[in-house]
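The values are calculated or read from the model by the stated rules, or taken from the named source; none is laboratory data. Quick caveat: nothing in here was measured; it's all calculated off a predicted structure. Ideal geometry is used to build each Cβ from the backbone, glycine not excepted, and the neighbour counts take in all protein chains shown.
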Amino acid sequence: MNLNKNIIPVTNSCFKLVILFFAVSFYSPSLVADFITLIKADQCTNIVEMFIQDGSVRITFELGEPDYKWFKNIIPANYYQDGFTEQNRTASFHTFFTRDFIVIADGVVLIGEVKKIEKKKRKLMSSLYTGKVDSSRANEYVIFVEVEYKLNQKPSRITFIPPIQEGYDVSLANIGFVTYHKKIPVNDIRYLGQAETLNLNWDDPWYTYYDNRNIRRHHKSSLMSFLYIEPYEVRHEVLVRVKDLEDWVTLNYGIDDYIEVDEQDSLKNLIANFLAGRNIVSIDGKTVKPIIDKVYFVEVRLFGIQILQEVKKIDYSSAIIGVIFAYPNPGIPKEVAVNWDLFNDDITQVPATATDPAGPMKYILQPDDNILVWMNFLKKYKLPTISEIKVTEASLSLPVISLMMVGVIIFFLFRFGYKINSWSKQLKRIGITLFLLALICIPLKLNLEIPFLKKESFSKPESETLISELLKNTYRAFDFRNESDVYDKLAISNDGELLADIYLQTKKGMVLENQGGISVKVNDVNLLNVEEVESDKVGLAYKCTWQVKGSVGHWGHIHQRTNQYNAVLYIEPVNNVWKFINIDIIEEMRL
């Protein structure tokens, strides 16, 4: 076996562990593998957004009061006492464009045209992963300025220079910035702390980049592969930029074209079917045919990959399609391999991630190392199972040893007489010893089943255990893909008339609507409270509160969901097996 194709290569393993440690420490503070930034540039005093199009550069400034002094030449005097007046407006603007905030295209300083200046509420730039801006530190209102710079030609390089102290290449102002080239974000929001130069690729803006390698977007690869190994299913998710398939698929679009709404479904089907025949997946040495589960258009945003919810025409240069392939499998496999074969002059590396119940492991696929191999090293992992909970015989808990001692004492009384004073000293000692042992052994009880009598009532600990197991069985049924399998597993712990309602209710609670309807897999069911209640319905009734925690890996992210339920659960034996026969939901909350 070629060790270089293993997901955990032997060679350079120590080096890779060190790299992994620093990557986790400085890039991602948790293994929730969404795009997570520790950089708080989105909370800067000033936010600058740059939009580069054919013929123009448009820049918007949101200027916070603490830094007005560095932008005074573009702030009106009625907002800031040292700002420009109508008398010196032209001179102030010229100073701003040539000294305060400079834009240089291929060596030529651009003079902009101010389109708008107004005081308005700050637009908070925080993302799902950086948290909310601390409004106690941020000014509620900012000076908003919009400037347009004309381009007579398509420059190859543009340099942006913030307010800088003479003799130093360090910004005087606290600026967070983001750049777009033809609607494609070039970088995540970062600090504009010095002069930064942008290299423009007009043929394909996806490959526009800054000289400073720290200023990048999180999703810079046009193709990505995500392999998920879960109980009873292997899933392969592929993200691909449509334009980058031109070497393999005839698409007939230009770089400035749009994919119209009525073209999108046929394009998704074309690409999904193309990918289904490439990048072959094998499980335990056997090639398996994929199920095309879901196909989406997605978009790159400042806070990660998001499924495109709005129906609209899509810019061809930035259009990305995500395809999910499913491979049902009994249990957890021993080995899974993905043979990736989509490489060309532009695509020489493809980031890949294999994720199992222990967590994710990243890998880089290359033309000479193009097989992603996952091997089962899950030594302590226990596959979730579903089993019937049989009705047990009724039982009594008795101190059997103590009763045996008492029986011996009673025998002595019959055998040697009731007058203990007439007993010999040795017999008295034996009697006292037996009596003391009987007292000591009272806590030592044994459960003895009562033949032909079924157990139909429970102590609180017993009811908690029974209900917890029934709930876990119910949620584990959704580990299976096929609807018929789910119903079969649900029927183990739920009455037949209840199955359809449980299926729909549970399925609804596990769906992530903003992720295209993908369902989380339940990791834990925590029973918080159980209280037996009176009921006029058949069976035992318990008012219960429980939490369901689930997660699902999706596009390299871990999405988590916690729901809490308050309900009355009705249980009774059906063919000698405990089942839910009715469920009255009182309250459902998403935590």
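Please work out which residue is surrounded by the most Cβ atoms within 10 Å (Cβ to Cβ), limiting yourself to segment 54-87 and to residues that are basic (K, R) and closer than 18 Å to V147 by Cα.
Here the answer is K72.
Mind checking which residues of segment 535-584 are of a type in the set (S, T, N, Q) and either touching a Phe, Trp or Tyr at 6+ places or on another chain (Cβ under 9 Å) or touching a residue at least 12 places away in the same chain (Cβ under 8 Å) (or both)?
The answer is S535, T545, Q547, S551, Q560, T562, N563, Q564, N566, N576, N582.
Condition first: under 19 Å from D67 (Cα atoms) and assigned to a strand (DSSP E or B). Now tell me which residues in segment 85-115 satisfy that.
Result: I102, single match.
If you take the residues in segment 368-385 that are surrounded by 14 or more Cβ atoms within 10 Å (Cβ to Cβ) and not β-branched (V, I, T), which one is modelled with the lowest pLDDT?
Taking the candidates together, the pick is P384.
Does E310 fit the bill of being more than 17 Å from K243 (Cα to Cα), at pLDDT below 90 and of a type in the set (D, E, K, R)?
Criteria met by E310.
With the structure loaded, tell me whether N526 is at pLDDT 90 or above and surrounded by fewer than 17 Cβ atoms within 10 Å (Cβ to Cβ) or whether it fails that test.
yes
Looking at segment 185-200, which of its residues are surrounded by 15 or more Cβ atoms within 10 Å (Cβ to Cβ) and either of a type in the set (D, E, K, R) or not in a strand (DSSP E or B) (or both)?
Within segment 185-200, V186, N187, D188, I189, R190, L192, G193, A195, E196, L200 qualify.
Specify which of the listed residues (F416, F343) is at pLDDT below 80, over 30 Å from L470 (Cα atoms) and either not β-branched (V, I, T) or not assigned by TED's automatic domain parsing to the domain that holds V520 (or both).
Going through F416, F343 in turn, just one is at pLDDT below 80, over 30 Å from L470 (Cα atoms) and either not β-branched (V, I, T) or not assigned by TED's automatic domain parsing to the domain that holds V520 (or both): F416.
If you check every pair at least six apart or on different chains, which have Cβ atoms under 7 Å apart with a residue in segment 138-151 that is under 15 Å from E49 (Cβ atoms) first and a residue that is assigned to a loop (DSSP other than H, G, I, E, B) second?
Pairs found: V142/G64; V142/R122; I143/I75; I143/Y79; V147/G112; E148/G112; Y149/L110; Y149/G112.
Working only within segment 139-161, note down all residues that are of a type outside the set (D, E, K, R) and loosely packed, with under 15 Cβ neighbours inside 10 Å.
Y141, N152, Q153, S156
For segment 486-520, name all the residues that are hydrophobic (A, V, I, L, M, F, W, C), at pLDDT below 75 and surrounded by fewer than 19 Cβ atoms within 10 Å (Cβ to Cβ).
Scanning segment 486-520 gives V511, L512.
Farther than 30 Å from S493 by Cβ, exposed (fewer than 15 other Cβ atoms within 10 Å of the Cβ) and among the hydrophobic types (A, V, I, L, M, F, W, C) - does that describe any residue in segment 352-363?
Looking through segment 352-363, none of the residues is farther than 30 Å from S493 by Cβ, exposed (fewer than 15 other Cβ atoms within 10 Å of the Cβ) and among the hydrophobic types (A, V, I, L, M, F, W, C).
Filter segment 90-124 down to the residues that are over 27 Å from Q153 (Cα atoms) and surrounded by fewer than 16 Cβ atoms within 10 Å (Cβ to Cβ) and list them by number.
Across segment 90-124, the qualifying residues are E118, K119, K120, K121, K123, L124.
Restrict the check to segment 217-238 and report whether at least one residue is in contact (Cβ under 8 Å) with a residue 40 or more places away in the chain and part of a helix (DSSP H, G or I).
No, segment 217-238 has no match at all.
Within segment 326-351, restricting attention to residues that are among the β-branched types (V, I, T) and surrounded by fewer than 20 Cβ atoms within 10 Å (Cβ to Cβ), which residue is nearest to K220 (Cα to Cα)?
Checking each candidate, the answer is I347.
So if I check each of I571, I585, I558, I581, which one is closer than 22 Å to T385 by Cβ and either among the hydroxyl-bearing types (S, T, Y) or in a strand (DSSP E or B) (or both)?
The match here is I571.
Which members of segment 53-72 meet the condition of being touching a helix residue (DSSP H, G or I) at 6+ places or on another chain (Cβ under 8 Å) and either closer than 20 Å to W206 by Cβ or assigned to a strand (DSSP E or B) (or both)?
The answer is F61, L63.
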